[in-house]
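Here is the structure we will look at, set down as structure tokens.
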Amino acid sequence: MIKKFPKKEVNFWYFKDIYTDSLAGISLDLAQQELLRDKQGKQTIIAILDTPININHEYIENAIWTNKNEIRNNGIDDDRNGYIDDIHGWNFLGNQSGQNISFMKMEYTRIIKKYDSLFIDKNYDDIKPKDTDNYELYLKAKKYYSDMLKQSKEYEKYYSMVFNAYHKAKKQLSPYLKNDFSKSKLDSLKKKHLDNKSVQDAIFNINTFTSYTSEEEINLGYLIYTNHIKVLLNIDYDERATMADNPDNLNDKYYGNNIVNHNLDVLTHGTRIISPIINSQTQNDSIRGISSYNKIMPICISGYGDEHDKDIALGIRYAVDNGAKVINISFGKELSLYKQWVFDAFKYAEKNNVLIVSSSGNNSLNLNEINDYYPNDNINNGQEVSKNFLLVGASSYIMNDNLVCNFSNYGNIDVDIFAPGDMIRTTITNNNYIDEKGTSMASAITSGIAGLIFSYYPNLTASEVKQIIMESGTSYDIMVNKPSLSKEKELVPFSSLSKSGKIVNAYNALLMAEEVSKKKKRKK
């Protein structure tokens, strides 16, 4: 459950050093002690393309980017960038009336909607050569859709049962308890009504459900999985109806609103990934990150469901145009309708010297064997769209065969490097903190390191920072369990699971960055 942690529980293993602490961290503590103590850095803006962010969280609020060229809430596009009152970033999932989207279709649902009229009930013999690629995309979408629909119906049935039984029990007991459903009150009521079967059954239901979950999680699970059916997998649902935006038209760019912190109880991911990036000094006796020079630019493109390629592409361009040096994107989807729009945005970021850091995903997949996983920069068996895209897998603190997190995607064609992604202290709503895991945490840590490098060595290019991070990582010459959903384990060299074969290391990266930076200055 969500809680604040006492100081004695803080470990920050991911900032430790392999040699001095025997932990597979990024050597940030060592870098701060030996390399950064007497140095002054510059502010680096890191754009977070994700769900809304709790910009008023006590740990986050002072690290949020502010658009100094915009006058707050005057209804005028003061900086003439096309986005009115974008004081702290932009929300591509809302309208000017303040309505916002939380649930979105899956990409395969959109693909079926787009191509159903052309391809339904047809086979390869019926397809014209020019339509073959779209037909194959359609068939993949149908397969993904069928599998998810079956699973979602089962989850919806389960969560509906739990939700209805739990709230029926609460309603039944309310006259006795007056909304105090603590264990002591329930135990007392149980003793008083031993002969009342309906009361006993209601108490049993509440105790059973709350023994392994909470009311908050029951309500959230019901909300999510009912919307799986209503929205995510509803082919005819118009998810952009309130926005008056056509997601199939990239030329219509100026939509959304400036509400970057909406629906935070449901959409928590963006808030969860920020803490490793910011605030190098311990805050509130419980949490700290990589650099106080790193500032966060919230760009909302994610909800429950799949991101639109249009929102991804325009979000990247917004970040570039408004001064971001690093863009963190930690989402993934199996298929992409307009991947070229995203590739073009990668190139735009590269042209403007902006690094993009992305999570590899939490599916235990070998991306060498999976052609359908987006976003990525691989267009042909290792040929990259641009040189400014860094894909990151998740590692743990354990220097044995469990060094790689079992959930992490991997592959030495797509995945560039690994970074800590387990037991990472981070933020959540209502000024609270949790320990989190996932490749999203690994990409956030890598983004934080990239921001740190840009802060002290601003003359480096995005492609140079990417290469520095990859080449300066720590090598581990050990055999590890290959991530798998199977219970059977397969040992492989750690170096075989990513392109660099390494784990990011802030200390080494800063040393190499200084060397590269000095060489560039000498050449001028």
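Determine whether region 199-221 contains at least one residue that is of a type outside the set (Asp, Glu), closer than 18 Å to Tyr304 by Cα, open to solvent by less than 40 Å² (accessible area, probe 1.4 Å) and touching a residue at least 40 places away in the same chain (Cβ under 8 Å).
yes
So which residues in region 424-464 are within 24 Å of Val404 (Cα to Cα) and either among the aliphatic types (A, V, I, L, M) or over 22 Å from the mean Cα position of the chain (by Cα) (or both)? So that I can check it myself, show each step before the final result.
Step one: of region 424-464, the residues within 24 Å of Val404 (Cα to Cα) are 424-427, 434-450.
Of everything in region 424-464, those that are within 24 Å of Val404 (Cα to Cα) and either among the aliphatic types (A, V, I, L, M) or over 22 Å from the mean Cα position of the chain (by Cα) (or both) turn out to be Ile424, Ile434, Met441, Ala442, Ala444, Ile445, Ile449, Ala450.
Quick one: would you say Thr446 is in contact (Cβ under 8 Å) with a residue 12 or more places away in the chain and open to solvent by less than 20 Å² (accessible area, probe 1.4 Å)?
The answer is yes for Thr446.
Identify, please: which residue in region 321-345 is over 20 Å from the mean Cα position of the chain (by Cα) and among the hydrophobic types (A, V, I, L, M, F, W, C) and is, among those, surrounded by the most Cβ atoms within 10 Å (Cβ to Cβ)?
Restricting to residues being over 20 Å from the mean Cα position of the chain (by Cα) and among the hydrophobic types (A, V, I, L, M, F, W, C), the top hit is Leu337.
Starting from residues that are open to solvent by less than 10 Å² (accessible area, probe 1.4 Å) and assigned to a loop (DSSP other than H, G, I, E, B), keep the ones in region 277-306 and report whichever is nearest to Ile428 (Cα to Cα).
The residue in question is Ser286.
What are the residues in region 171-196 that are surrounded by 16 or more Cβ atoms within 10 Å (Cβ to Cβ) and touching a residue at least 24 places away in the same chain (Cβ under 8 Å), if any?
Residues satisfying the conditions are Gln172, Leu173, Phe181.
Here's the yes/no breakdown for (1) over 25 Å from the mean Cα position of the chain (by Cα); (2) among the hydrophobic types (A, V, I, L, M, F, W, C); (3) surrounded by 11 or more Cβ atoms within 10 Å (Cβ to Cβ):
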site	(1), (2), (3)
Lys113	yes, no, yes
Ile120	yes, yes, no
Lys128	yes, no, no
Thr132	yes, no, yes
Ala141	no, yes, yes
Lys153	yes, no, yes
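So, Asp17, is that one open to solvent by less than 20 Å² (accessible area, probe 1.4 Å), at pLDDT below 95 and either of a type outside the set (Gly, Ala, Ser) or in contact with a Cys (Cβ under 7 Å, 6 or more places away or on another chain) (or both) or not?
Details: open to solvent by less than 20 Å² (accessible area, probe 1.4 Å): yes; at pLDDT below 95: yes; either of a type outside the set (Gly, Ala, Ser) or in contact with a Cys (Cβ under 7 Å, 6 or more places away or on another chain) (or both): yes.
It is true that Asp17 is open to solvent by less than 20 Å² (accessible area, probe 1.4 Å), at pLDDT below 95 and either of a type outside the set (Gly, Ala, Ser) or in contact with a Cys (Cβ under 7 Å, 6 or more places away or on another chain) (or both).
Please indicate, with yes or no, whether at least one residue in region 449-457 is in contact with a Ser or Thr (Cβ under 9 Å, 6 or more places away or on another chain) and either assigned to a loop (DSSP other than H, G, I, E, B) or without any contact (Cβ under 8 Å) to a residue 24 or more places away in the chain (or both).
Among the residues of region 449-457, at least one is in contact with a Ser or Thr (Cβ under 9 Å, 6 or more places away or on another chain) and either assigned to a loop (DSSP other than H, G, I, E, B) or without any contact (Cβ under 8 Å) to a residue 24 or more places away in the chain (or both), which makes the answer yes.
What's the total number of residues in region 192-249 that are within 24 Å of Gly94 (Cβ to Cβ) and part of a loop (DSSP other than H, G, I, E, B)?
Total meeting the criteria: 17.
Tally time: how many residues in region 36-70 are within 18 Å of Thr426 (Cβ to Cβ) and surrounded by fewer than 17 Cβ atoms within 10 Å (Cβ to Cβ)?
Of the residues in region 36-70, 4 are within 18 Å of Thr426 (Cβ to Cβ) and surrounded by fewer than 17 Cβ atoms within 10 Å (Cβ to Cβ).
When you go through Tyr348, Tyr318 one by one, which is the residue that is open to solvent by 30 Å² or more (accessible area, probe 1.4 Å) and of a type in the set (Ser, Thr, Tyr)?
Exactly one of Tyr348, Tyr318 is open to solvent by 30 Å² or more (accessible area, probe 1.4 Å) and of a type in the set (Ser, Thr, Tyr), namely Tyr348.
How do the pairs read when you match residues in region 471-486 that are free of Cβ contacts under 8 Å to residues at least 40 places away in the same chain with residues anywhere that are basic (Lys, Arg) and open to solvent by less than 50 Å² (accessible area, probe 1.4 Å), using Cβ under 9 Å and keeping only pairs 6 or more apart or on different chains?
Going by the 9 Å Cβ cut-off, the qualifying pairs are Ser475/Lys502.
Tell me which residues, restricted to region 20-35, are in a loop (DSSP other than H, G, I, E, B) and open to solvent by 20 Å² or more (accessible area, probe 1.4 Å).
Residues satisfying the conditions are Ser22, Leu23, Leu35.
What residue, among those in region 219-272 that are of a type in the set (A, V, I, L, M, F, W, C) and within 18 Å of the chain's Cα centre (by Cα), is modelled with the lowest pLDDT?
Leu264
Of all residues in region 475-504, count the ones that are open to solvent by 10 Å² or more (accessible area, probe 1.4 Å) and not in a helix (DSSP H, G or I).
Counting residues in region 475-504 that are open to solvent by 10 Å² or more (accessible area, probe 1.4 Å) and not in a helix (DSSP H, G or I) gives 20.
Here is a list of conditions, (1) closer than 25 Å to Ser97 by Cα; (2) in a loop (DSSP other than H, G, I, E, B), and Ile48 meets all of them except one; can you say which number that is?
Condition not satisfied by Ile48: (2).
Out of region 132-157, which residues are free of Cβ contacts under 8 Å to residues at least 40 places away in the same chain and out of contact with any helix residue (DSSP H, G or I) (no Cβ under 7 Å at 6 or more places or on another chain)?
Looking only at region 132-157, we keep the residues that are free of Cβ contacts under 8 Å to residues at least 40 places away in the same chain, and these are 132-136, 138-139, 142-143, 146-147, 150-151, 154, 157.
Residues satisfying the conditions are Thr132, Asp133, Glu136, Leu139, Lys143, Ser146, Asp147, Lys150, Gln151, Glu154, Lys157.
What pairs can you find where one residue is in region 232-251 and open to solvent by 40 Å² or more (accessible area, probe 1.4 Å), the other is in a loop (DSSP other than H, G, I, E, B) and not small (Gly, Ala, Ser), and their Cβ atoms are less than 7 Å apart, with a gap of 6+ or different chains?
Taking only residues 6 or more apart or on different chains, the pairs are Tyr237/Lys105; Thr242/Asn95; Thr242/Gln99; Ala244/Asn95; Asn246/Asp252.
The values are calculated or read from the model by the stated rules, or taken from the named source; none is laboratory data. Computed from a predicted model, the values in this text were never measured in an experiment. Glycine also receives a Cβ, built like all others from the backbone with ideal geometry; neighbour counts cover every protein chain displayed. Each accessible area value is taken on the protein alone, full model and side chains, heavy atoms only, with ligands, DNA and RNA left out. Shrake-Rupley method; radii C 1.70, N 1.55, O 1.52, S 1.80 Å.
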